[in-house]
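Here's the structure we're looking at; comments come further down.
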Amino acid sequence: MCGIIGVVGSSDTLETLLEGLQRLEYRGYDSAGVALVRQGETWRARVATGTESVAALRIECKNAPGEFHSGIGHTRWATHGAPEAMNAHPHVDCSGNVAIIHNGIIENHGEIQEQLESRGHIFTSVTDSEVLAHLIEEFRDQGLELVEAVRQSLHTVRGAFALAAMDCTEPDVIVAARRISPLVVGTAPGVTYLASDVPAILDRATAFYAVNDDEIVRLGPEGFRAIDLEGSPVRLRQLQIDWDLETAEKGGNDDFMSKEINEQPEAIHATLLDRRRRDGSIIFDELRVSDEELRNVKRVVLVAAGTSHHAALVAKYAIERWARVSVEVDISSEYRYRDPIVEIGTLVIGVSQSGETIDTIQAAREAQRRGARVVAVSNIVDSSLAREADAVIYTRAGLEVSVASTKAFVAQVAALELLALRLAQLRTTMPPEDIDALFLGLNAVSAQVATCLERREHVRDVAKQLLGSHDFFFLGRHVGFPTAMEGALKLKELTYLHAEGYPAGELKHGPLALIEPGVVVVAVATDPAMHEKILSNLAEVKARGASVVAVATDDDEAIEAVADFVLRVPATEPMFTPMVDVVPLQLFAYYMATGLNRNVDRPRNLAKTVTVE
Ligand code: M6R
């Protein structure tokens, strides 16, 4: 996830870009850069400091020459290529005339780069994005206008993008385009803007327009015109923006938590993008563990805390089922104090959104000290955990601000299940066609999550009716169990109410004694193989007076007999259900918390990243 901004026709170009980049820093801050363009000249500055890149860029730009009326800027969240200045955007073509910025992933960059290099192009970065500058250069060399050159280039690339391109031989024009990654255009008299989102240009533009997938926009000082990939004119929808800056930073949502819940389809999609070669093999570019090592893994140990621990529990089911390797999951604060056994062939996976949770870092260090290979699953590029581990898989959920983790969880499950499929591929524990089918199914989860989000009003309604309750049990079986644990964690940290996640079958071994009228039981009941058993468990609690809320699939009629409230979700492959089923549970916790006037972004006593033991 990166942030992009552009302006054409401004008397204040550099400041507009730097200010906008500051507001886009939540999208990434590994590196930042700007390119200012005037007739025959492109001036470029790029820095990579890891955390404060935009501030460093401002210093770097102190001596920028004046009188540039157009320019583009970028703040980066590294995916392809290390967070170094050479990989910072804007990238330029061989002539230095064309400058581009890009948010997203060009999936087929490898093959395009090979072809471009065979035609003499010289690349100066290790990014997927640079191919765009060289592709546009080739079409410019054929005499095409910039907008046409961009349009033709987009027919070659696959993947996701919000991009902007400039050429100093056509200086008062920026061409922007979008597929999947967000992009808006803004206008003011004599000036036109583009940005990844509205806050970056909120106090400069007076009208805002949404760019849709596969639309290309030519921006000039006088305004803009938009076309589709075939070159036909399209109209951009004007956005009604009556936000102040603070609301705008939350994307128009009341708080970061609801923004992040809404971003889950994109988080899953981005995490899965560019992970499979044409021959069907699953790849993790950044994972520096050889196929041989993965093939010979004897045991997997996952260490994690909180929500990341729940994602790790889901991964246990997937890795054991698909790759037939035995898996242990440890709470990271427990791992290093129990004298863990690390045998040859043990792969330890540290799962952490921040990559800075001290318990997980210490657990990973302990595992390394005992000779294990350690893989980090981190949402933050170059986090401490990612740096110290032998290898890393990045989730691409984008910056998570709210203390309660939401989009990081679904991205972690997606990444870990993908790793499970990779292990199955290497160990030939499943037929290739089954792996292909699961990969396709995993890619469909993003849309299923979007469907759950559309049903938020019903969840709000259920939460409203249960607002006076004080005791909650969340039940599930199989992967429904970690999902239930996650639902309970969300509710307790956001509302400060008592909530416990339990394996449904374990209830009768003790906790059933606590069930009485007034207690709410929330059950994850979406797995067909577990369905009858869950229904029996629910009948048991209902008979003792509990109110029952069930997360159930659209086609489940039997659930009505035991549930007082049903939160419907689309059916999916059982192993993928945690990513789908967690959504109504997050929304339930959110609406319970807002109903109780809790601060959902900053619950009491908690911190986003726990750096003390
Ligand atoms: O950054 P991490 O994933 O390592 O953080 C782990 C936990 O501190 C975190 O998931 C915490 O439980 C959240 N507040 C849950 O919403």
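Read-outs throughout are calculated quantities, based only on the coordinates presented, and are distinct from any laboratory measurement. This structure is a prediction, so every number in the text was calculated from the model and none was measured. Backbone-built Cβ (ideal geometry, glycine too); neighbour counts: all protein chains shown.
For this structure, a couple of remarks:
- Put simply, the C-alpha atoms of region 549-607 give a gyration tensor, and the ellipsoid matching it has half-axes of 27, 15, 7 Å, longest first.
- Between GLU293 and ARG387, the simple label model (points 7 Å from Cα in the Cβ direction) yields a spacing of 2.0 nm.
- Annotation for region 345-421 versus region 114-159: alpha-carbon center distance of 35 Å.
- DSSP beta bridge pairing in the chain, given as percent antiparallel to the nearest 5: 60
- Shape of region 16-161, Cα gyration tensor, a/c cut at 1.5: oblate
- Per residue of the chain, the DSSP helices (runs of n ≥ 4 H) give a summed -39500 (n - 2.57) that works out to -11000 deg cm²/dmol at 222 nm.
- Cut-off 13 Å (backbone N to label point 7 Å along Cα→Cβ of GLU222), residues of region 173-188: 173
- Look at the Cα gyration tensor of region 382-435: its axes a ≥ b ≥ c give a/c of at least 1.5 with a/b at or below b/c, and that counts as oblate.
- Reduced Cα scattering model of region 3-249, Debye log10 I(q)/I(0), q = 0.13 Å⁻¹: -0.70
- When the alpha carbon gyration tensor of the chain is reduced to an equivalent ellipsoid, the three semi-axes, largest first, read 44, 28, 22 Å.
- Peptide packing for 593-605, 464-476, 399-411, 162-174 was compared via the average number of neighbouring C-beta atoms within 10 Å per residue; ordered from the highest value, the list is 399-411, 162-174, 464-476, 593-605.
- For the chain, lysine pairs with C-alpha atoms less than 15 angstrom apart, excluding pairs fewer than eight positions apart on the same chain, total 10.
- Cα→Cβ-extended label distance, 7 Å offset, between ARG370 and HIS155, nm: 5.9
- One quarter of the surface of the convex hull around the alpha-carbon atoms of region 170-211 equals 3.2 nm², the direction-averaged projected area.
- Full extension of the chain between SER118 and ALA437 yields a length gain of 111.3 nm, computed as 0.36 nm times the residue separation minus the alpha carbon distance.
- Mean-position separation - Cα centroids, region 440-512 and region 542-559, in angstrom: 12
- C-alpha center-to-center spacing [region 563-607, region 23-53] in angstrom: 38
- Cubic angstrom per residue, convex hull over Cα atoms of region 473-613: 122
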